[in-house]
1. Based on what the data block shows, is Gly113 in a loop (DSSP other than H, G, I, E, B), more than 30 Å from Lys176 (Cβ to Cβ) and not aromatic (Phe, Trp, Tyr)?
2. What number goes with the only condition from (1) within 26 Å of Glu34 (Cβ to Cβ); (2) surrounded by fewer than 16 Cβ atoms within 10 Å (Cβ to Cβ); (3) in contact with a Leu (Cβ under 8 Å, 6 or more places away or on another chain) that Ile188 does not pass?
3. Taking the range 118-128, which residues are part of a loop (DSSP other than H, G, I, E, B) and among the β-branched types (Val, Ile, Thr)?
4. Checking the condition under 17 Å from the mean Cα position of the chain (by Cα) and not β-branched (Val, Ile, Thr), which residue from Ala28, Ala53, Ala86, Ala44 passes?
5. Restricting to the range 199-212, give me the number of residues that are aliphatic (A, V, I, L, M) and under 17 Å from the mean Cα position of the chain (by Cα).
6. Which one is surrounded by the most Cβ atoms within 10 Å (Cβ to Cβ), of the residues in the range 191-221 that are farther than 16 Å from Ile232 by Cα and among the acidic types (Asp, Glu)?
7. Need at least 2 residues that are over 14 Å from the mean Cα position of the chain (by Cα) and of a type outside the set (Lys, Arg) per element, so show me which helices (runs of 4 or more DSSP H) inside the range 129-198 make the cut, counting only ones lying wholly within it.
8. What are the residue pairs meeting all of these: first residue in the range 58-73, first residue among the aliphatic types (A, V, I, L, M), second residue surrounded by 22 or more Cβ atoms within 10 Å (Cβ to Cβ) and part of a helix (DSSP H, G or I), Cβ atoms under 8 Å, and 6 or more apart or on different chains?
Amino acid sequence: MSFVRLAAVALALLAVALPARAQIKCGAFNSFAEPPAPRSEPEAIATFHRINARVKTLPYRILFFGDSITERWDEPLWGSKRVWDANLAPRGVLDAGVSGDRTEHLRWRLDHGNLDGPTPKGVIVMIGTNDLGHGRPPAEAAEGIRQVLIQLRQKLPNTRILLLGLTPRGGAPWDKLRVEVGQVNQMIGSCADGQTIWATDIGQPLLDAKGMLSNTLSPDYLHFNAEGYERIAPEVDHWIDQVFGTQ
């Protein structure tokens, strides 16, 4: 039996072995996902420890896990903190993003302190764009996201999860990474059951009528300035209120 087939069988057996409350609607997208792994860069390690401290000392009702798209939203350096303070902070959201994180790094964080505070009412997840940027195929990136969801279901069986699709990459709809983002979002959208996991694509307000992403919103066609965050904030606000309630 080939390695790929053995891996697929192992994933199927794992799904059977998981407690019912840890199982999720979508099946495996790929026969392989990177195992949980820590970061080695000093800045990422410092942010990880800062999140560990914040979940134990700051009030929150929702944890927002992600990468630089999430972390930069609440950072004064990028000019977007005012958008966070006006929209997400009043809703009790704590920023738990680490720049550069891939799915395996978030999975490691979930096992090493980022969930050691009070049980949140809700969790928001937006992760996986760095998996694509690292050269992984969409199915592998989607499987990494699926493994994050399984891990959250195991650790927080009664907590609602809002899964945000990856935001647009590249200036044009035909750019390779933009196409792959769309493929990932289509796959992970099937994980939503409307009872414990909700999924939505928040990227449309960033695009014009032709599907172009302007560098006035995203100078590097990946990250966003304050105006870019202002475009997606109302959509995120709407879903937070719908899934987790207003308070």
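The values are calculated or read from the model by the stated rules, or taken from the named source; none is laboratory data. The model shown is predicted, which means the values in this text are computed figures rather than measured ones. Positions of Cβ are generated from backbone atoms using ideal geometry, with glycine treated the same way; all protein chains shown enter the neighbour counts.
1. Yes; evaluated as a whole, the condition is true for this residue.
2. Against the list (1) within 26 Å of Glu34 (Cβ to Cβ); (2) surrounded by fewer than 16 Cβ atoms within 10 Å (Cβ to Cβ); (3) in contact with a Leu (Cβ under 8 Å, 6 or more places away or on another chain), Ile188 comes up short only on (2).
3. Thr119, Ile127
4. Only one candidate qualifies: Ala44.
5. Residues meeting the conditions: 2.
6. This residue is Asp193.
7. 138-155, 176-189
8. Every condition considered, the pairs that remain are Ile62/Ile240; Ile62/Phe244; Ile69/Thr129.
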